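> First, the structure itself, so that you have it in front of you.
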């Protein structure tokens, strides 16, 4: 299981090379597949909520709120 830490309040992107489940295990994050998301766009992941994301998808993510956030990524 890979983890993403040090998540900022600006959008960062990654393109998946396999089907994955993303789970927020600390804080709160927004994720989206929109090419040019606005600040308020995205699906909110709170602690222990998860989302399945398909191979080839470019995912953009950012911290939601002031608390440090951690995303866990795991291949399906």
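Every read-out reported here was derived from the displayed coordinates using simple, explicitly stated rules and does not represent laboratory data. Here the structure is a predicted model, which means the values were calculated and not measured. Every residue, glycine among them, receives a Cβ derived from its backbone with ideal geometry; neighbour counts consider all protein chains shown.
> Restricting things to alpha carbons, find the Rg to Rh ratio for the stretch 32-76 using the Kirkwood radius for Rh.
Across the stretch 32-76, the Cα-based Rg/Rh ratio is 0.94.
> Please list, in order, the residues from the stretch 1-33 whose amide nitrogen is less than 12 Å from a point placed 7 Å along the Cα→Cβ vector of residue 48.
Zone members listed by number: 25-26.
> Only Cα pairs under 8 Å and at least 6 apart count here; give the relative contact order of the stretch 2-75 as a rounded whole percent.
Reported relative contact order: 52 percent.
> Okay, next question. For the pair residue 40/residue 3, report the inter-label distance in nm, with labels modelled 7 Å from Cα in the Cβ direction.
Result for the modelled spin labels: 3.3 nm.
> How would you rank 65-72, 3-10, highest first, on the average number of other Cβ atoms within 10 Å across their residues?
Top to bottom by mean Cβ count within 10 Å: 65-72, 3-10.
> What number results when the radius of gyration of the chain, computed over Cα atoms, is divided by 2.2 N^0.38 Å?
Against the empirical 2.2 N^0.38 Å value, I get 0.97 for the chain.
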